[in-house]
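Worksheet: one structure, shown below.
Any read-out appearing in this document is the output of simple, stated calculations on the displayed coordinates, not a laboratory observation. Everything numeric in this text was worked out from a predicted model, so none of it was measured. Please note: Cβ atoms are built from the backbone with ideal geometry, for glycine as well, and neighbour counts cover all protein chains shown.
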Amino acid sequence: MEEVSSKYKVLFVCLGNICRSPAAQGIFEHIVRENGMTDRIIADSAGLYGGHAGQHPDRRMRTAALYRGYGLKHSARQVRSYDFRDFDLIIAMDDQNYEDLMHIAPSVEDSRKIRRMASYFTTHKISYVPDPYYMGAEGFSLVLDLLEEGCQNLFDTIKAEL
């Protein structure tokens, strides 16, 4: 147990935990693995809405991610209050997710762990990761483009701090 607690832990959060946050988790874990940092950094994802709990990521997101080499095997779950204790950083996919997380953070100290994914974009001029659920194939592709950039920059930031 001590080994796990010594790792830097990142939680990705969206509304239902079936599109954006499991994709972010899969991409981030791929980057961590490719950089030989699995012994130091781990990731998970969750949703603010619990209605999809136990479900696999949306089939369209799994297909789009697999096309880019990311296997998404996460089972959806809802954000829990102890996630704020267990994770070092909590990444919100959009402003509503950010606001909702701020409202459920158990303390001011815990709220300082919350960041917007868009704060890690350097080339994309968008302030959030849109929900691709109703957007068609182009939406899933856009989300993956955004998450690839954001997750790489997030990884680089964390690696520089470790």
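Here are the numbers for this structure:
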| item | result |
| --- | --- |
| Qualifying residue in the range 92-112 (condition: basic (K, R), closer than 14 Å to V13 by Cβ and under 17 Å from the mean Cα position of the chain (by Cα)) | no |
| Those strands (runs of 3 or more DSSP E) lying entirely in the range 1-115 with at least 1 residues among the charged types (D, E, K, R) | 8-14, 41-47 |
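Conditions tested, residue by residue: (1) more than 12 Å from F28 (Cα to Cα); (2) under 13 Å from the mean Cα position of the chain (by Cα); (3) part of a helix (DSSP H, G or I); (4) not small (G, A, S).
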| position | (1), (2), (3), (4) |
| --- | --- |
| A118 | yes, yes, yes, no |
| H124 | yes, no, no, yes |
| Y128 | yes, yes, no, yes |
| E138 | yes, no, yes, yes |
| S141 | yes, no, yes, no |
| D145 | yes, no, yes, yes |
| E149 | no, yes, yes, yes |
| D156 | no, no, yes, yes |
| A160 | yes, no, yes, no |
